[in-house]
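Novice: Before we start, here is the structure in question, set down as structure tokens.
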Ligand code: UGA
């Protein structure tokens, strides 16, 4: 059993805390949000992530805002958010504030502590920003404390599974002793471990998310061409996927990628590249194409109905099925565009209606039946239950390939 502290009770921090608790470690979670702290201490997860409530219930996890509680920890994981600023670069406000607190803790700690950054930070941040703050404690990295950067590859809605059964573990290390200690903590996992330096580990995180985003924009661009040529982009992707150099994953054409990670990471690396004098043309196109993709809904709707004055049903608000997260959801672009064009929207989502209405109170939420009774229906998220609805007699613009929707009187796929 090790004493481990997790700084930040967001999606990554909570999953890491829960999984290390499940593995028999003593866990303290530190956050500045008293509401989250109270929820965790009463064994309720502050976020909707499958499996978290069960683990919080079964294992002892202490949540606090008091960094004094971190003093006995042998390992500290920094999992705070690094949100996007207006110019696309990331804000280091939370991570520097947390690091300053850890630096104060280090001053009072006699024995060696391993500090691992799990927050997504642009290459160079651990060495140029985090390390100097930690060393301002008077303690030296590699001697008094260890420093690693180990990015997380947790998908929303499947975080526990992705943490427990990782495809790979990346350990960026300041020095070999730091890396050895993190390897030791991770030895329970059956996954290849790659050890590298801090900035390479930071880049691997961006490269992975951006490559996924690139696959989606690639297949969407191809899909747009396919649609004009009367070809089904899904058949094309299937044919490509047999080649294992290409693979068959992440080639589902549609409305494009949403969520709090892919767009944010793309923008952050674009900003970082520009900062160092490089024009990242491909990355800008990947982003630009994604921003344009959802606008195709309007173009397709206009082929069949006058949008102004119509009521459009919107099926799906979450950025993907299985979550209540609406960050950068394509449903936002669709709802805003159609409203600007003079349409009225009625929307339904199994989990995300509450979140959507908090940010967009003008949106009318309704039942699936009422949504289907609108002048036309747009499918923005591929929830399983949408494949059980009765689309007969309707006009449907399908942005996510829901097979049953093909029964509609008029059916248009975005890229097929
Ligand atoms: C993503 C990565 O997949 C995780 O590996 C990473 O750890 C995480 O970001 C993160 O950085 O925290 P997530 O944002 O949960 O995970 O979402 P994904 O499952 O990757 O889906 C992203 C978007 O791409 C969704 O809107 C989805 O509908 C869209 N997508 C995905 C497509 O349009 N087509 C596809 O073929 C696949």
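Novice: For the pair residue 292 and residue 38, how long in nm is the line joining their label points, each one 7 Å along Cα→Cβ?
Specialist: Each label point is offset 7 Å from its Cα along the Cβ direction, giving 4.9 nm.
Novice: Residues of region 386-410 with the amide nitrogen closer than 19 Å to a label point 7 Å from the Cα of residue 344, along Cα-to-Cβ, please.
Specialist: Only 395 fall inside the zone, counting backbone N under 19 Å.
Novice: For region 157-313, what log10 I(q)/I(0) values come out of the Debye formula at q = 0.13, 0.16, 0.18 1/Å, with one point per alpha carbon and no solvent?
Specialist: -0.82, -1.08, -1.21
Novice: Report the equivalent ellipsoid semi-axes for region 185-227 in whole Å, largest first, defined as the square roots of five times the eigenvalues of the gyration tensor built from alpha carbon atoms.
Specialist: Largest first, region 185-227 gives 33, 14, 6 Å.
Novice: A further question follows. Say R0 is 25 Å: what FRET efficiency, to the nearest 0.05, do residue 191 and residue 245 get from their beta-carbon distance?
Specialist: The computed FRET efficiency comes out at 0.65.
Novice: Taking other Cβ within 10 Å of each residue's Cβ, how do 211, 250, 257 sort, fewest first?
Specialist: The most exposed by this proxy come first: 211, 250, 257.
Novice: Quick one: divide the alpha-carbon radius of gyration of the chain by 2.2 N^0.38 Å and tell me what you get.
Specialist: 1.07
Novice: Taking Cα centroids, how far is region 1-65 from region 146-203 in Å?
Specialist: A separation of 19 Å, based on Cα centres.
Novice: With an 8 Å cut-off on Cα pairs and a minimum separation of 6 or more residues, tell me the relative contact order of region 296-413 in percent.
Specialist: Value for region 296-413: 27 percent.
Novice: Now, a different point. Output the Kirkwood hydrodynamic radius of region 60-107, Cα pairs only, in Å rounded to one decimal.
Specialist: When all Cα pairs of region 60-107 are included, the Kirkwood radius is 12.3 Å.
Novice: Something else about it: State, in angstrom, two size descriptors of region 105-163 derived from its alpha carbons: Rg to one decimal place and Dmax to the nearest whole number.
Specialist: Just the Cα atoms of region 105-163 yield Rg and Dmax of 14.0, 41 Å.
Novice: Principal axis extents for region 206-293, Cα atoms only, whole Å, descending order, please.
Specialist: Result for region 206-293: principal-axis Cα extents of 42, 28, 23 Å.
Novice: Please order 307, 121, 30 by the number of other Cβ within 10 Å, starting at the fewest.
Specialist: The order, fewest Cβ neighbours first, is 307, 121, 30.
Novice: In nanometres, what is the gap between the two model label sites at residue 64 and residue 139, each 7 Å from Cα along Cα-to-Cβ?
Specialist: In this crude spin-label approximation the distance works out to 1.6 nm.
Novice: Which whole-number percentage describes the relative contact order of region 206-293, with Cα contacts under 8 Å and a sequence gap of 6 or more?
Specialist: 38 percent
Novice: Also, quick follow-up: When only alpha-carbon atoms are used, what values of Rg and Dmax, in angstrom, describe region 296-413?
Specialist: For region 296-413, the Cα radius of gyration and maximum Cα-Cα distance read 12.6, 34 Å.
Novice: Turning to a different aspect of this structure: Compute the angle between helix 11-22 and the longest alpha-carbon principal axis of the chain, please, reported from 0 to 90 degrees and rounded to the nearest 10.
Specialist: Rounded to the nearest ten degrees, it is 60.
Novice: Determine, from the Cβ-Cβ distance of residue 311 and residue 276 and an R0 of 51 Å, the FRET efficiency 1/(1 + (r/R0)^6), rounded to the nearest 0.05.
Specialist: The calculated FRET efficiency here is 0.55.
Novice: Be a star and scan region 160-190 for residues whose amide nitrogen sits under 12 Å from the point 7 Å along the Cα-to-Cβ vector of residue 153.
Specialist: 162-163, 165-171
Novice: Taking each pair of different alpha-carbon atoms in region 3-196 once, compute 1/r for the pair, average those values, and report the inverse of that mean as the Kirkwood hydrodynamic radius in Å to one decimal.
Specialist: Result for region 3-196 stands at 16.7 Å.
Novice: List residues of region 384-416, by number, whose backbone nitrogen lies under 17 Å from a label position 7 Å along Cα→C-beta of residue 161.
Specialist: Correct set: 384-385.
Novice: Let me ask something else. Could you put 300, 182 in order, starting from the residue whose Cβ has the fewest other Cβ atoms within 10 Å?
Specialist: The most exposed by this proxy come first: 300, 182.
Novice: State, to one decimal in nm, how far the label point of residue 97 lies from the label point of residue 176, with both points 7 Å from Cα in the Cβ direction.
Specialist: Placing both labels 7 Å beyond Cα along the Cβ direction yields 4.0 nm.
Novice: Can you give the relative contact order of the chain as a percent, counting alpha carbon pairs under 8 Å and 6+ residues apart?
Specialist: Reported as a whole number, the value is 11 percent.
Here, each number is a calculation from the coordinates, and none is a lab measurement. Quantities reported herein were computed from a predicted structural model and do not represent experimental measurements. Don't worry about glycine lacking a Cβ; one is built from the backbone with ideal geometry, like all the others, and counts go over all protein chains shown.
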